[in-house]
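All remarks here apply to the structure that follows.
The values are calculated or read from the model by the stated rules, or taken from the named source; none is laboratory data. Remember, it's a predicted structure, so these values are computed and weren't measured experimentally. Here the Cβ positions follow ideal geometry from the backbone for every residue, glycine too, while neighbour counts run over all protein chains shown. Accessible surface areas use protein heavy atoms only, side chains included; no ligands, DNA or RNA. Shrake-Rupley method; radii C 1.70, N 1.55, O 1.52, S 1.80 Å.
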Amino acid sequence: NRDGETGLVVPPADPDAVADALRRLLGDDALRARFGAAGRRRVDAHFTVDAMVDRVQTIYETVCSEAVGDGTTRRAR
């Protein structure tokens, strides 16, 4: 979430901030619509099947490149 672009970010464990954000959203139809449209654009741009496959492939390639000569892989510490 990008604060003020695709939603509202509130501090963790701050119920008053959550309540304030909810009141703001409940009182502003245009803001909700803007956040919804921006969120949809972000998902369409960054979370396509191709993008997710590319990220998983990068993880596999990174793990495989860390293989040592005896065929085992190093564990992250």
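At-a-glance table
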item	result
Single unsatisfied condition, ARG32 versus (1) modelled with pLDDT of 95 or more; (2) basic (Lys, Arg); (3) loosely packed, with under 11 Cβ neighbours inside 10 Å	(3)
Any pair with Cβ under 6 angstrom, 6 or more apart, that starts in region 49-77 at a residue that is open to solvent by less than 100 Å² (accessible area, probe 1.4 Å) and in a loop (DSSP other than H, G, I, E, B) and ends at one that is modelled with pLDDT under 90 and of a type in the set (Ser, Thr, Tyr)	GLU66/THR73
